[in-house]
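Right, one structure below, let's go through it.
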Amino acid sequence: MKKLISSVALLIIALPFVTVQASTPAEDTEAFRSYFKKAVPDVKFEDFQNGVYALDADSREQWIEIEEFPPYELAIDKGTELWEKPFKNGKSFASCFGEDISGTRAKYPYHDEAQDTIVTLEGDINKCLTDNGEKPYKWKKGNIAAVSAYIAYEGRGKKVDVHPKTDKAKAWYDKGKKFFYAKRGQLNLACADCHVYNFNRKVRSELLSPALGHPTHFPVFRTKWGEMGTLHRRYGGCNKNIRAKPFKAQSDEYKALEYFQAVMSNGLELNGPGARK
Amino acid sequence: MKFKFLLASLVLGLSSTAMAGGAQDAIDAAKKAQKEAAAVGMEWRDMGKTIKKAEEAAKDGKEKKAIKLANIVVMQSKESLKQAELAKTAGPRF
């Protein structure tokens, strides 16, 4: 009897801890997708890679017209030129990424277990340069966005496939998840406040994009920028908008965020580079 | 007469020193608060800018304005530290 009482007591004490156990990335992804499916049941899962253009017919029409002469085309050309230009040591980007880059974009971001860090495409572009004695590109725009655009273009059609498997990788995923849901800045807004709970609603004249599919189409040519930019440039802009001090591109915070967002977008087609407002 | 003049000078001198010290103290506190917010990854966008404005105001002798601006940063930092605490358990609401 005593044993039974102590077992029940133990169960009662332990129960709250069992119920608040952290969810797995797979469970999070499922819940995330279900949320968007419930919110906009008419939008097909595969259309979320198109951001706001999956939601608003007028914007979509304009975007389709823009895509006839895409503004990112010049960046792809520039990226191709940089890709083919040999480094001073005679090597080129192909010596780092290989000749066939159709699957390169889909490899990123990934967790490097030995270094315990998240490796991004832009990170490896600059690593390739420095490993070969070249000066690295600036992180947010210009040449880095051009080479990234070229690699993204060559990798179109592959799907996001990012799965944190080890404890270290899961820790990065959790860091990104916390960042995504944490309110920050003077406006006290989280990424999720705009791009989950209020997506498909307007902020001034602009429709808020769904977080599902965010990382599929970067780098992007933004009309507002009048040029190309990386995902981390966009993160910085978002943080500034909510009056938080932005982190540096390729900071641990933004790498973790990119990793989390990629996991949430698993299964969507990579369709970068993109054109956005 | 001399005594009155000396007394007036002393009062004036003391009050301006206190004002200057007050502005500098407030600016130092603001800088410390900004560092605390940055340390937890929650610095607000305009903290640095506001501190600069406070420093400019102090330089121009606008002590009250300088203190007011510096105190805004201290208050913002307190709020950002609250955000950092809440961020520890941040997660989806669905």
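Every read-out reported here was derived from the displayed coordinates using simple, explicitly stated rules and does not represent laboratory data. Predicted, not measured: the structure shown is a model, and the values here were computed from it. Virtual Cβ from ideal backbone geometry, glycine too; neighbours counted across all protein chains shown.
Highest mean first, how do A:135-148, A:199-212, B:44-57 rank when packing is the count of other Cβ atoms within 10 Å averaged over residues?
So the order, starting with the most tightly packed, is A:135-148, B:44-57, A:199-212.
Of A:272, B:44, A:52, which is farthest towards the positive pole of the protein assembly as shown's charge dipole, taken about the Cα centre with +1 and -1 on the beta-carbons of Lys, Arg and Asp, Glu respectively?
B:44
Where the only charges are on Cβ atoms (+1 Lys, Arg; -1 Asp, Glu), what is the dipole of the protein assembly as shown about its Cα centre, to the nearest 20 debye?
Result for the protein assembly as shown is approximately 1980 debye, rounded to the nearest 20.
Which whole-number percent is the relative contact order of chain A (Cα, under 8 Å, 6+ apart)?
25 percent
Using the Cα centre of the stretch A:35-91 as the reference point, and only Cβ charges (+1 on K/R, -1 on D/E), how large is the resulting charge dipole? Debye, rounded to the nearest 20.
In total the dipole reaches around 580 debye.
Which value in Å is the Kirkwood Rh of the protein assembly as shown over different Cα pairs?
23.6 Å
Which GluC sites (Glu not before Pro) from the stretch A:27-116 combine a DSSP loop assignment with at most 13 other Cβ atoms within 10 Å?
A:67, A:68, A:99, A:113
Against the globular-protein guess of 2.2 N^0.38 Å, express the Cα radius of gyration of the stretch B:41-87 as a ratio, rounded to two decimals.
Scaled against compact globular proteins, the figure is 1.28.
How high is the relative contact order of the stretch A:73-154, in percent, with contacts defined as C-alpha pairs under 8 Å that are six or more residues apart?
Reported relative contact order: 44 percent.
Rounded to the nearest 500, what is chain A's calculated 222 nm mean residue ellipticity when only DSSP H runs of at least 4 contribute -39500 (n - 2.57) each, over all residues?
Value at 222 nm, helices only: -14000 deg cm²/dmol.
Just name one of A:39, A:205, A:228: the one whose Cα is farthest towards the positive end of the charge dipole of the protein assembly as shown (beta-carbon charges, Lys/Arg +1, Asp/Glu -1).
Highest projection toward the positive end goes to A:205.
Could you tell me what percent of the DSSP beta bridges with both partners in the protein assembly as shown are antiparallel, to the nearest 5?
Antiparallel bridges: around 80 percent, rounded to the nearest 5.
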